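To keep things clear, I will list the structure first and then write my remarks on it.
The values are calculated or read from the model by the stated rules, or taken from the named source; none is laboratory data. None of these values were measured; they are calculated from a predicted model. In this analysis, Cβ positions are derived from the backbone assuming ideal geometry, glycine residues included, and neighbour counts consider all displayed protein chains.
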Amino acid sequence: MKRVILFLFLILAAASMSYSTTHTIGNSGFSFSPSSITITSGDTVNFVLESIHTAREVDEATWTAGGTTSNGGFDLPSGGGTVVLTQAGVHYYVCVPHASIGMKGTITVNAATDVKSIIKTLPDNFILMQNYPNPFNPATTISFSLPAKSFVSLKIYNALGKEVSNIVSGELPAGEYKRQWNAADFPSGVYFYRMQVGTQTETKKLVLIK
């Protein structure tokens, strides 16, 4: 249950990070308002301007000089419009009719944070898988996983409850394991494998057919 809750939490967190945010820039007279904002890559910027104002992206030198030559970025007409910015860094823009009197602004775009690591959680208790193949002849594989370093006992018993093979008996670190049982010297029939980790035990049936 804890693993399911953690998995759902990570999915929701990753999903929430994938949604973009919309930022609005207006004007107050002959000034952009706000004139400087910081956003995340992929966010939307909505320019809501009076009809006499535009928003054109320029390079830093042009912006500093109060010029209006486009740098190939966004170029919104009178009244503004919407733009989505994905390139990290500072975007400089001006109002074309009023750049010379200082109507300009900046948008700083930060790179988006991606979830790049895969989080693998171990179970709260040990897990003993059904052997494969089953039925088998003459060998089969038993898989199990441990949540923490533990002393492990894995034994095979016949239908009368007599121990016939000792697969594992010792301390193992947390992780996933596979152990093979070769029953070439045993007769066909029903057998059981029993795993004990601390005070916890689990038993499963396997069938040998020759």
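Looking only at segment 64-101, residues that are of a type outside the set (S, T, N, Q), in contact with a Ser or Thr (Cβ under 8 Å, 6 or more places away or on another chain), under 16 Å from residue 31 (Cα atoms) and not in a strand (DSSP E or B) come to 6 in all. Residue count for segment 149-167, restricted to those that are free of Cβ contacts under 8 Å to residues at least 24 places away in the same chain and part of a strand (DSSP E or B): 3. Within segment 38-56, one or more residues are more than 33 Å from the chain's Cα centre (by Cα), in contact (Cβ under 8 Å) with a residue 40 or more places away in the chain and assigned to a strand (DSSP E or B). From (1) over 17 Å from residue 23 (Cα atoms); (2) at pLDDT below 95; (3) in contact with a Gly (Cβ under 8 Å, 6 or more places away or on another chain); (4) not basic (Lys, Arg), pick out the condition that doesn't hold for residue 84. Result: residue 84 passes all but (1). Looking only at residues of segment 157-176 that are in contact with a Leu (Cβ under 8 Å, 6 or more places away or on another chain) and either surrounded by 16 or more Cβ atoms within 10 Å (Cβ to Cβ) or among the aliphatic types (A, V, I, L, M) (or both), we find that the one that is modelled with the lowest pLDDT is 174. Pairs meeting the criteria (first residue in segment 170-184 and in the same structural domain as residue 139 (by TED's automatic domain parsing), second residue among the hydroxyl-bearing types (Ser, Thr, Tyr), beta carbons under 6 Å, at least 6 apart or on different chains) are 176/145; 178/141; 178/143; 180/141; 181/140.
Mind listing whichever residues of segment 180-210 are part of a strand (DSSP E or B) and polar (S, T, N, Q)? Reasoning before the result, please.
Initial filter on segment 180-210 (part of a strand (DSSP E or B)): 180-182, 189-197, 200-208.
If the condition is that a residue be part of a strand (DSSP E or B) and polar (S, T, N, Q), then 180, 182, 196, 200, 201, 203 are the ones that fit.
What do you reckon, is residue 21 more than 18 Å from residue 94 (Cβ to Cβ), modelled with pLDDT under 95 and surrounded by 12 or more Cβ atoms within 10 Å (Cβ to Cβ)? The answer is no for residue 21. Here residue 72 meets the list (1) exposed (fewer than 13 other Cβ atoms within 10 Å of the Cβ); (2) modelled with pLDDT under 90; (3) on the phi > 0 side of the Ramachandran plot almost entirely, failing just condition (2).
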